[in-house]
Each structure stands twice: as structure tokens, then as C-alpha cells.
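Each remark here refers to the structure printed beneath this line.
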Protein chains: 2
Amino acid sequence: MNSQQLVNQIERKRSFLCVGLDTDPRLIPSKFKQEADPVFAFNQAVIDATADYAVAYKPNIAFYEALGPKGWESLQKTMEYIPSDIFTIADAKRGDIGNTAYMYAQTFFDPASSGLNFDSITVAPYMGHDSVEPFLRFEDKWVILLALTSNPGSHDFQMTKSEDYIPMYERVMRLAQTWASPEELMFVIGATRVDFLQKVREIAPDNFFLVPGVGAQGGSLEDVSRYAMNSRVGLLVNSSRGIIYAGDNPAVDSKREAQKLQEEMSTYLDAYYIK
Amino acid sequence: MNSQQLVNQIERKRSFLCVGLDTDPRLIPSKFKQEADPVFAFNQAVIDATADYAVAYKPNIAFYEALGPKGWESLQKTMEYIPSDIFTIADAKRGDIGNTAYMYAQTFFDPASSGLNFDSITVAPYMGHDSVEPFLRFEDKWVILLALTSNPGSHDFQMTKSEDYIPMYERVMRLAQTWASPEELMFVIGATRVDFLQKVREIAPDNFFLVPGVGAQGGSLEDVSRYAMNSRVGLLVNSSRGIIYAGDNPAVDSKREAQKLQEEMSTYLDAYYIK
């Protein structure tokens, strides 16, 4: 999917909601546990309930890997079930070099390889340019590079200032923009503090940000919208548990929570989205 | 596997060789392509040929993932086939936070989860302490943390000096040693330059290093042995393609290449291993 198709979808649905499919078979409502493939059955119900309000789905790959080969089958079926006009993110945080990175890219981007056909993948920057470049060889596919996260460990290395006083996350964002255009590169921005939101938008004015820290993790959707929206919206805001585990009946409960976020997003689009 | 068992194995085999199972179905000899599970059949032949000379096997997870659910089955069968006294490394370079990192740990460490029972996993440090800690909760399992790699992109962030003039890779190595003991933490050290080998051994005197850059990637095994061996050997030196793709007949060709490296390692143990 290219950026224009993504922006069109955001404008049509009046939403920049990404639903995180962190599906844990131990946490899903009991009625799904009797299905042949409980993870897929639950995902189907969540997708049916939220597809009108979400512009992206983000399976958290760890949750599928942890189930072995069966988990990968559930993931394949989930990917086939997601409507083709909705953006998909493999939240995999891969990062390796050369031909290994290319293998990971094939895994998630080339359906002839593993059966998966994601639009994008989250990637870790530590190994530098040649760990990112192989993902960029695929047309209309996106790298979503880890930049500034909101977990306690983000202070260990991401915030470290270099001898020219540039924090590591800023170096990552600036250097990565010399590798790829905003048509193929997004950043993971977990920041919820206003000053950081303003800073990262200044560093990367044109890139989409994937923001994982709203909802259960406590960020303010209004702050994110006010300080990090750009002239192409430039935001995908994720909610996982708050939507998928909203209650025993996804058709009602997940739908209600997704709609609530979509309606809030719609008001922020009115307020802050200036084309 | 604990460190004493690993050191015992190294002393017994007079080898610190790790064989990288980067098995690509397109590259294996044609006779294996007719098998029901070509990847597993090839791995079996390589393991049979090299188990006397290797103290560790390192499947490169990308190569299995790229094949979809079938690849994970080949990986499971390979893991069951590896003799239980040989150390195993999931070269997965995972890095995510909290419950997601714990899911990755379960994937590779807990056979009740995905069917895999690795001794160790390679982990990326960018997200900091809480992306590493979940892997440390498993007894006699190891984190092998990316520190200094030898790819061109290693200069992008790993070499960046902080305002106190400490390069990022050194910060990673020093901070990580406050999180975990040398009984559960190794580092990936791709360095082959003598000054870097001396430096990283000074930074982490007691940790094992996994060194991927010898053989096809051109590092000097003697330099690594001379400058980075410690009083518990402290080295696992990997060779992948140079062994597994040594010829059409792994029983002869892979065996010959593994034995050659083992014999070279034996002379370096004589020369540089001082308990």
C-alpha cells in the first residue's frame, strides 16, 4: 500500500486507528477456545467488529511465534482475512544484516516465501544501514523503524547524547531519512510527553509515526494529535488490549471501544488536520 | 546448559566451533531436495558430519521463518536432532518490551510453548533493560546481546561516541553487565581488528563472546584466539557457509572443513588458553 492509499483510507474512515492483534490464547473469551483455531477465530471476530473504524492491523509476531507452526498458520489465515484495503503491520522488530535481513523481508513481504503479505514491518536500527536497506527493496512496502519508545529501558541507549549532543533516537531518525523517503519509512514513536512529540515531528516532518502508547499504556490521544499530526495526518495510533480484550463479546465490546477511539480521532482530525 | 558444561565440552573436543545452520533450500545439494523435508534432511547430514568438532549449533531463524509453518517444523526437528550436550543458539536478534519479550523468550526457551528448547538467543539492545530482562528469567538459558558487529552499518550507531566519549557498543556492554552475570550473558562480537578485540575483552573480561566473522567473512581465527580468549576460553567462533556448503557431500565436505577449524582451534587452545 502506498501513502496516498493510506491517507485516503484515513480521510474516508475519519480514523487513524491501528488495532494491535496481540492475541494470547489464554486471554481470549472461552467461547473461542473451543474452535479448531482459537486464535484465528478470535481475530476474525475482532476484525469483523473493528474494520469500519481501523485503518491498520498490527499482529504482534511474538504471540504467534510462541505457538510454534500452528501460530504461523493462525497468522497466515488472519492476514488473508484482513480486508485488502486496510494497512497491515508485522510488529516483529527484526534487525540483522545482508542476506539475513533480506530473508526476514521475504518472510513478511513476499507471499511466495512464507505465505505472508504484510504492508510493513517494524525494524530495529542497532546494526545500521545494511540491516534496514534489504526491507526497502520491496515496492509499496514500508519499514517502521524503532526510534523513541516509552518503556523504562528507552533511557538506557535511545536517550544517550553523543559528543555532538544529539540523542541516539534523533541520530537514528536523521540518518534513516537519508536511506529512505517518507513513502517507505515510518518511525515508532512511543513518546507521549508534549516536548518530545514536538521534537520528533520537527526531526521528521513528513514521515508517518506509529504510536503504540495510547490507551492501556496511558498516552494522551489529544496531545499526540495536536503535536504530531502533519499535512498528511502522519499518524497511526495503536490500541491492542483496550480493544481486543474489551469484553466477552468482541462483536459488541471491541466494536464499542474501536468506535469510541475513532470518534475521538475524528474530532482531532477536525481540529488539527490541515492539508 | 550452564557455563561449566560448556567449558567442559570445549576442553573435551578441543574446539570452540559453532556451526551456523543458515540452511537455504535453494542452496543445498540436489540429493536433499528430493526428501520430504529437505531442510531437515540437510541439517541432519551436517550435524552428523560435524558433531565431533562443534560445541554449538546456531540456526539462523530468518531462514526457517522465510519458509512459513513448514520452516518452523524443520527447525523443531533439527533442534530435536542436535545431541543434547551441544550448545544451541537461536540467532533471532529479537528485541521488544515486557510481555512481548517474554513471549519471544517462551518461543525459544520453553518447549511447552512452541516446541523449541534453545540454550540461548541473540537479542538486540536498542530498547534497553526491559527488553533483555524477560529472557534472563529462564534458568541455565543465555542472552547473547548484540554489541559490536562487523558489518558496514556498525559504524552508524554502535561506534557513536557519547558526550562522555564512550562508544555505544561499550555502553551496551558495560550496562548489560549490571543486568546479568557472565553465567547468563554473552556478547556478539564481530570485531576482527586487534585493537577492538583487546578493547572488548577489557570491557567484558568474563563473558563469552559469539564471534560470527571468521571464515567466509574474513576474520583471523588466530587474532580472535590470541586477543579475546579468557581463563574459561570465553569464545564461540561461528562458521556457516564455509562448513555447511563446503561441497555436495556434507558427510565428507562439511566434516573436512569442521575438522580443519577444530584442529586450528586446538593449536590456539594450546597457545593461548591459560586457566
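The values are calculated or read from the model by the stated rules, or taken from the named source; none is laboratory data. What you see is a predicted model, and the numbers here were worked out from it, not measured in a lab. Cβ placement follows ideal geometry from the backbone for every residue including glycine, while neighbour counts extend to all protein chains displayed.
Before moving on, here are some points about what is shown:
- Positions within the stretch A:98-118 being more than 11 Å from chain B (Cβ to nearest Cβ) and surrounded by 24 or more Cβ atoms within 10 Å (Cβ to Cβ), in sequence order: A:Phe118
- Filter pass, B:Val39 being buried (at least 18 other Cβ atoms within 10 Å of the Cβ), of a type in the set (A, V, I, L, M) and over 30 Å from A:Ser74 (Cα atoms): no
- The stretch B:249-265, residues that are under 17 Å from B:Tyr57 (Cα atoms), among the hydrophobic types (A, V, I, L, M, F, W, C) and over 18 Å from the mean Cα position of the chain (by Cα): B:Ala251
- For the stretch B:157-168, taking the residues that are more than 19 Å from A:Arg174 (Cβ to Cβ) and more than 7 Å from every other protein chain (Cβ to nearest Cβ), the one that is modelled with the lowest pLDDT is identified as B:Asp164.
- Being surrounded by fewer than 19 Cβ atoms within 10 Å (Cβ to Cβ) and of a type in the set (Ser, Thr, Tyr) holds for only one residue in A:Ser220, A:Ser154, A:Ser150, and it is A:Ser220.
- Residue in the stretch A:231-248 that is in a helix (DSSP H, G or I) and modelled with pLDDT of 95 or more present: yes
- Matching option when the condition is modelled with pLDDT of 95 or more and facing chain A (nearest Cβ under 9 Å), among B:Val123, B:Val132: B:Val132
- Checked against the criterion of being touching a strand residue (DSSP E or B) at 6+ places or on another chain (Cβ under 6 Å) and of a type in the set (Gly, Ala, Ser), the stretch B:25-35 contains not a single residue that satisfies it.
- Any hit, the stretch B:253-267, residues being among the charged types (D, E, K, R), buried (at least 19 other Cβ atoms within 10 Å of the Cβ) and farther than 26 Å from B:Val143 by Cβ: yes
- Helices (runs of 4 or more DSSP H) enclosed by the stretch B:1-97 - at least 1 residues per element that are facing chain A (nearest Cβ under 10 Å) and modelled with pLDDT of 95 or more: B:61-65, B:69-81
- Meets criteria (touching a Phe, Trp or Tyr at 6+ places or on another chain (Cβ under 6 Å), over 22 Å from B:Asp91 (Cα atoms) and either within 9 Å of chain B (Cβ to nearest Cβ) or assigned to a helix (DSSP H, G or I) (or both)) for A:Ser154: no
- Only residues that are in a helix (DSSP H, G or I), touching an Asp or Glu at 6+ places or on another chain (Cβ under 8 Å) and within 11 Å of chain B (Cβ to nearest Cβ) were counted in the stretch A:172-213, giving 1.
- A:Leu148 vs. criteria in contact with a strand residue (DSSP E or B) (Cβ under 6 Å, 6 or more places away or on another chain) and more than 10 Å from every other protein chain (Cβ to nearest Cβ): yes
- Count of the stretch A:130-147 residues which are outside any loop (DSSP other than H, G, I, E, B) and surrounded by fewer than 21 Cβ atoms within 10 Å (Cβ to Cβ): 4
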